[in-house]
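The values are calculated or read from the model by the stated rules, or taken from the named source; none is laboratory data. Just so it is clear, the structure is predicted and the values come from calculations on it, not from any experiment. Glycine also receives a Cβ, built like all others from the backbone with ideal geometry; neighbour counts cover every protein chain displayed. Ligands, DNA and RNA are stripped out before the accessible areas are found, and what is left, the full protein with its side chains, is counted by its heavy atoms. Shrake-Rupley method; radii C 1.70, N 1.55, O 1.52, S 1.80 Å.
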Amino acid sequence: MKYNENNIFAKILRKEIPCDLIYEDEFVLSFHDINPQKKIHALIIPKGKYVDLDDFSLNASSEEMVGLIKGINIVAKKLGISTEVGKGYRALTNINEDGGQEVPHLHFHLFGGEKVGKMVV
Ligand code: AMP
């Protein structure tokens, strides 16, 4: 799949539409999901233009990879759901049509704030 500059997360990154911001740095942006599936449902996206995790794995720099992985922990800490405070959460990314991906800009969902239950239904 080719990157589409008009996807909703690209617009959020360009500040063309607002988001409920949690965290931002050089590599990532994180905000609350507009349609939360759990008590806490955050999204974290790389600032680079990657369609999905496969695209990211193949084409992102090592710095971008570290930035995203570290960003997940930073966001979890900010939300009070990290293991450092004895909590936990689920980090999940959907990949392409079979994976149920709707927005074609790589994003991790972070679900928490409660017991999130079975992984796949
Ligand atoms: P996926 O199905 O993995 O592509 O997930 C896309 C997610 O983006 C869904 O959970 C949507 O609720 C969420 N979403 C769509 N538009 C927005 C938006 N403007 N702000 C925050 N989350 C959004």
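Miscellaneous remarks
- Of the accessible area of the chain, computed with a 1.4 Å probe over protein heavy atoms only, carbon and sulfur atoms account for 53 percent.
- Lys, Arg +1 and Asp, Glu -1 on Cβ, resulting dipole of the chain about Cα centre, debye, nearest 20: 500
- For the cross-link pairs Lys2/Lys39; Lys78/Lys118; Lys2/Lys78; Lys77/Lys118, the ones whose C-alpha atoms lie over 30 Å apart are Lys2/Lys39; Lys2/Lys78.
- Residue by residue, segment 11-26 carries 3J(HN,Hα) couplings of 5, 5, 4, 7, 6, 7, 10, x, 9, 8, 5, 10, 7, 8, 9, 4 Hz when phi is fed to the Karplus relation 6.51 cos²θ - 1.76 cosθ + 1.60 (θ = phi - 60°); x denotes Gly or Pro.
- Accessible area in square angstrom per residue, segment 69-121, 1.4 angstrom probe: 64
- Rg and Dmax of the chain, based on Cα coordinates, read 13.9, 40 Å.
- The chain: angle of helix 62-79 to the longest principal axis, Cα-based, in degrees nearest 10: 40
- Listed residue (Phe108, Ala10, Asn96) projecting farthest to the positive dipole end of the chain, Cβ model: Phe108
- In order through segment 28-41: 3J(HN,Hα) via Karplus (6.51 cos²θ - 1.76 cosθ + 1.60), integer Hz, x for Gly, Pro: 9, 10, 10, 8, 6, 5, 5, 10, x, 9, 9, 3, 10, 9
- A Förster radius of 25 Å combined with the Cβ-Cβ distance from Ile8 to Asn59 puts the calculated FRET efficiency at roughly 0.70.
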